[in-house]
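The values are calculated or read from the model by the stated rules, or taken from the named source; none is laboratory data. Only a predicted model underlies this, so the values are computations on that prediction, with no experimental measurement involved. Positions of Cβ are backbone-derived with ideal geometry, glycine not excepted, and every protein chain shown enters the neighbour counts.
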Amino acid sequence: MTRPVLIFDDVAMAYGDKSLFCHLYLEVLPGQIIGIQGPSGSGKSTLLKMAAGLLHPKAGSVTVNAEIIGYVFQEPRLLPWYTAQENICLVLEAKGFTKKKALETAAEFLFKMNLDPFRHHYPKELSGGMNQRVSIARALAVEPDLLLLDEPFTGLDPSLKMQVKEQIRSIVDATHAAVLHVTHATDELMEMDFHLQFR
């Protein structure tokens, strides 16, 4: 039997008097993409932060059976004094890649995001959508077992959004990463194995 990569077991979470969810049970299997849709403030980002270990639930447990987690935040969170390629290399080298291998891998994933001509540009020299694609490339380049996507297509035009979705899906199919994708927009959801809606 395949072991889930991520398990929310009877999870409850609240901020002050506001309850976001309770008795939540959710499993994400290898290669499975699960989408969470809901309005701002419904707890979508909180769910990802708990999966990443950045927050702990009020009740219940979150179990992560993943060695490597890739996280795409709502904003790119790139270091402004590093180029696009260097931002990715920094993470790869922290994972144990040699400098040469990190440079090759960063270039490969920037190419997949149609950013090869801009790999030596700094974040301030790129548009918001381009910086977001660098962030996506960085999360995918580490070959995560668990990929967390928080409104990942912010700032991308419709045609580019479709290309990026296809690249993510192709990489997930190849690596069998488990994916938890949260968004407020129905049209941003990729083809999902399962789709939850928060209200």
List the number of the failed condition for residue 84; all other conditions in (1) surrounded by fewer than 18 Cβ atoms within 10 Å (Cβ to Cβ); (2) over 16 Å from residue 150 (Cα atoms); (3) of a type in the set (A, V, I, L, M); (4) out of contact with any strand residue (DSSP E or B) (no Cβ under 6 Å at 6 or more places or on another chain) hold. (1)
Which one is farthest from residue 86 (Cα to Cα), of the residues in segment 124-180 that are of a type in the set (A, V, I, L, M), at pLDDT 85 or above and part of a loop (DSSP other than H, G, I, E, B)? 177
Among all residue pairs at least 6 apart or on different chains, which show Cβ distances below 7 Å where the first residue, located in segment 92-119, is over 16 Å from residue 135 (Cβ atoms) and among the aromatic types (Phe, Trp, Tyr) and the second is modelled with pLDDT of 95 or more and buried (at least 18 other Cβ atoms within 10 Å of the Cβ)? 97/105
Applying the selection to segment 28-46, what residues are touching a Ser or Thr at 6+ places or on another chain (Cβ under 7 Å) and assigned to a loop (DSSP other than H, G, I, E, B)? 29, 30
Hey, does segment 58-72 have a residue that's surrounded by fewer than 18 Cβ atoms within 10 Å (Cβ to Cβ), closer than 18 Å to residue 184 by Cα and among the polar types (S, T, N, Q)? no
Selected residue (only one of 108, 143 is over 20 Å from residue 31 (Cα atoms) and either buried (at least 20 other Cβ atoms within 10 Å of the Cβ) or not polar (S, T, N, Q) (or both)): 108
Given the conditions (1) of a type in the set (Gly, Ala, Ser); (2) farther than 23 Å from residue 134 by Cβ; (3) touching a residue at least 24 places away in the same chain (Cβ under 8 Å); (4) not in a loop (DSSP other than H, G, I, E, B), every one holds for residue 19 apart from (3)
